[in-house]
1. Give a quick list of trypsin sites (Lys or Arg not before Pro) in the range 42-146 that DSSP marks as loop, anything other than H, G, I, E or B, with at most 11 other Cβ atoms within 10 Å.
2. Hey, what does the equivalent ellipsoid look like for the range 1-134, semi-axes from the Cα gyration tensor as sqrt of 5 times each eigenvalue, largest first, whole Å?
3. List, in order, the whole-Hz ³J(HN,Hα) value for each residue of the range 121-128 obtained from phi through the Karplus relation with A = 6.51, B = -1.76, C = 1.60 and θ = phi - 60°; use x for Gly and Pro.
4. Counting Lys +1, Arg +1, Asp -1, Glu -1, what net charge surrounds L95 among other residues with beta carbon under 15 Å of its beta carbon?
5. Name the residue, out of D132, D266, D25, whose mean-square fluctuation peaks in a Gaussian network model built on the chain with Cα pairs under 10 Å.
6. Mind sorting W46, W145 by how few other Cβ atoms lie within 10 Å of their own Cβ, fewest first?
7. Can you show me the helix-derived [θ] at 222 nm for the chain, built from DSSP H runs with n ≥ 4 at -39,500 (n - 2.57) apiece and divided by the number of residues, rounded to the nearest 500.
8. What nm value, rounded to one decimal, do you get for the distance between E243 and Q22 when each label is placed 7 Å out toward the C-beta?
Amino acid sequence: MPLIGNRLYVANADAVVSYPYQTGDTVITAPATELVQLPAGVNHHWTKNLLASADGSKLYVSVGSNSNVGERGTEAEVGRAAIWEVDVKTGAHRLFGSGLRNPVGMAWDASGKTLWTVVNERDELGSDLVPDYLTSVKDGGFYGWPYSYYGQTVDVRVKPPRPDLVATALKPDYALGPHTASLGLASSTGNALGAPFASGMFIGQHGSWNRRPHSGYKVIFVPFQGSQPSGQPVDVLAGFLNEQGEALGRPVGVAVDTRGALLVADDVGNVIWRVSPKP
């Protein structure tokens with residue numbers, strides 16, 4: 001949900017819509033205005049996320065794939081496994097980045113000029129493949145799905161192969177571990193949690209559903225040096241699994257609020273956690 005001026009834009013499963021909004025409003029009674037339709041129907045990854053450009057002229061929409069590795073055919077994947085760029089005034093759109101199996105969270109870096117995303121990679125190659133990842137998204141860049149992963153590692157399950165596309169596949173910037181289900185992404189810019197979190201990205205990891213042992217189920221921080229990730233991730237919020245491996249909570253979206261605290265949406269605990277500095 002980005003707010004641009006006095007309109008609140010919402011990503012539905014099948015469209016981007018907007019509503020009039022004034023600061024202080026607690027309910028919406030106006031009907032939705034549709035900006036652009038999104039791929040829908042049979043949905044393997046049905047959620048859609050939004051991020052506004054700094055000047056408010058564009059929206060970036062994440063659209064996940066409709067399958068694990070293209071097993072439903074190419075027609076089911078038209079416009080999917082991609083990030084769209086949408087003109088806010090007209091709804092005109094184009095593919096900004098593609099070959100991204102399920103690019104969920106999106107954020108701008110500290111400069112406000114480079115788009116970053118966290119991507120949920122493919123399943124059914126075992127507990128230790130394929131790593132989910134954090135990457136910058138180059139305009140027009142192709143990131144391999146479904147034909148290859150983590151650059152140009154060919155997935156032999158995909159028929160027919162496309163060596164021509166594999167040759168162009170970009171390698172992601174930073175591996176997050178297999179099956180972490182990293183869904184939320186927020187730049188640390190403006191946070192008040194202290195020097196260790198001055199430059200980097202916060203990531204909400206929903207956690208694995210089919211991995212043993214479990215992975216994810218926490219919020220991490222990836223430090224940046226300059227414009228690139230550098231060093232090991234740091235746990236920010238954990239303890240979401242009990243001793244029996246049952247989920248007490250599952251982090252999803254993350255955001256830095258106006259006072260510099262980190263907000264974390266938890267869709268199992270059904271709460272929003274607020275992580276703030278000690279008094």
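A short reminder: the numbers here are calculations on the coordinates, not readings from a lab. None of these values were measured; they are calculated from a predicted model. No Cβ is skipped: glycine too gets one built from the backbone with ideal geometry, and neighbour counts run over all protein chains shown.
1. Sparse-neighbourhood loop trypsin sites (Lys or Arg not before Pro): K89, K113.
2. Its equivalent ellipsoid spans semi-axes of 28, 17, 13 Å.
3. For the range 121-128, the Karplus-derived couplings read 8, 6, 10, 6, 10, x, 6, 10 Hz, x marking Gly and Pro.
4. With Lys, Arg at +1 and Asp, Glu at -1, the net is +2.
5. D25
6. W46, W145
7. Calculated at 222 nm, the ellipticity per residue is 0 deg cm²/dmol.
8. 5.6 nm
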